[in-house]
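Rule-based calculations on the coordinates, nothing more; no lab input. The model shown is predicted, which means the values in this text are computed figures rather than measured ones. Methodologically, a virtual Cβ is constructed for each residue, glycine included, from the backbone with ideal geometry; neighbour enumeration extends over all protein chains shown.
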Amino acid sequence: MQIQSFKVFCDLAETESFTKAAQINGVTQSAVSQQVSSLEKQFKTLLIERSKKKFRLTREGELLYEYGKQVIHTYESLISRLQEVKDIVSGTIRVATIYSIGLHDLPPYLKKFLKGFPTVTVHVEYQRANQVYEDVVGNVVDLGLVAYPNKDSRLEVIPLREETLVLICHPKHPLAKEKNLRLSHLEGQKFIAFESDIPTRKAIDKILRDSGVAVKTTMEFDNIETVKRAVEIEAGVSIVPESTVVQEVSKQTLVALKFADALPTRPLAIIAKKTKVLSPAMRQFIQLLKEPI
């Protein structure tokens, strides 16, 4: 019996999805089914109740999942320790990130990390925040990069840094030359917002609400790039992390203005499953992300 069979089964039990279990382990859904069947033959018992309505483990399946996790954790700890002893930093790191971090904060760190550790492969997926959490909890990825991290007993949150929020507008917008910008200047302005379930949107809404400022939300988007494009065509103004508009400001397609008001900053963080065994490569990657660059 191979350790991989235990891992596939445990990933299936946690995600309750043959598709996700296959994705995590780089195999086909058919291979997942075959490995489960192999385990059932090995233990001479059913592990999953075959029902189209809902995924459900049998009592024996729950027992195998409980002990299988321990086997996998011990095995992964052993591999990690062996790599430490041999001073090896290699392998694959799977990262899920929200768009703003992945497109603007992460690239220079990736470049530096891959130059320092050329035998490590880093796979990056761009997701909405809720999907990043799901993928980390479900072991689809090793690490997640988010803003305004949620508290979750299943996750470890590693703070990174705080980002300044700025107003962006078209260079011809009346606010573009404002020398002492305050939130009150946004009263009644056409506003380009993130979609309502995105953490940065919720934080900005709270800032405006606490200041008694009412804007006219004309468009909502799920990522930073479309927000910026809408502002560039003069559809309205927006509030975004300063680091995300460096290129547009340098090209003068957007103006970024800091507020005279003391706006809260946007916290960034790494999230990892608490039971996750971090390889030397993952620990090195986390350490680099925590450093200024």
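Points worth noting:
- Counting charges near D152 (Lys, Arg +1; Asp, Glu -1) among other residues having Cβ under 12 Å from its Cβ returns a value of +2.
- Beyond 32 Å in Cα-Cα separation lie the following of the pairs K112/K177; K179/K251; K115/K172; K190/K274; K111/K258: K112/K177; K115/K172; K190/K274.
- Distances between placed amide hydrogens fall under 5 Å for F194 paired with F221, all partners being 5 or more residues away or on another chain.
- Sequentially through the range 62-70, phi angles give Karplus couplings (6.51, -1.76, 1.60; θ = phi - 60°) of 4, 5, 5, 4, 4, 7, x, 4, 5 Hz, Gly and Pro residues having no value and appearing as x.
- Per-residue ³J(HN,Hα) for the range 131-137, Karplus 6.51 cos²θ - 1.76 cosθ + 1.60, θ = phi - 60°, Hz, x for Gly and Pro: 6, 4, 4, 4, 5, 5, 4
- Under a model in which nothing but the beta-carbon of Lys, Arg (+1) and Asp, Glu (-1) is charged, the range 165-264 shows a dipole of about 320 debye around its Cα centre.
- Two-site FRET efficiency, S30 against Q4, from Cβ-Cβ distance with R₀ of 22 Å, rounded to 0.05: 0.90
- The Cα atoms of the range 2-92 define a convex hull whose projected area, averaged across directions, is 6.2 nm².
- Among beta bridges from DSSP that stay inside the chain, the antiparallel ones total about 55%.
- J(HN,Hα) series, the range 265-281, from Karplus relation 6.51 cos²θ - 1.76 cosθ + 1.60, nearest Hz, glycine and proline x: 8, 9, x, 10, 8, 9, 10, 9, 5, 4, 8, 6, 7, 7, 6, x, 5
- Full extension of the chain between K44 and S243 yields a length gain of 65.9 nm, computed as 0.36 nm times the residue separation minus the alpha carbon distance.
- Mean ellipticity per residue at 222 nm, deg cm²/dmol - from DSSP H runs of n ≥ 4 across the chain, formula -39500 (n - 2.57): -12500 deg cm²/dmol
- Protection proxy ranking, peptides 260-269, 140-149, average beta carbon neighbours within 10 Å, highest first: 140-149, 260-269
- For the range 1-79, trypsin sites (Lys or Arg not before Pro) meeting the loop criterion (DSSP other than H, G, I, E, B) and having at most 15 other Cβ atoms within 10 Å: K44, R50, K52, K53, K54, R56.
- Near E163, once Lys and Arg are set to +1 and Asp and Glu to -1 for all other residues with Cβ below 10 Å from its Cβ, the sum equals -1.
- Charges were assigned to the Cβ only: +1 to each Lys and Arg, -1 to each Asp and Glu. The resulting dipole of the chain about its Cα centre is roughly 160 debye.
- Taking amide hydrogens as placed 1.01 Å from N in the peptide plane, the amide H of F259 sits under 5 Å from those of L167, each at least 5 positions away in sequence or on another chain.
- Neighbours of I192 by Cβ distance under 14 Å: Lys/Arg scored +1, Asp/Glu scored -1, total -3.
- Principal-axis tilt of helix 106-116 within the chain, Cα atoms, nearest 10 degrees: 50 degrees
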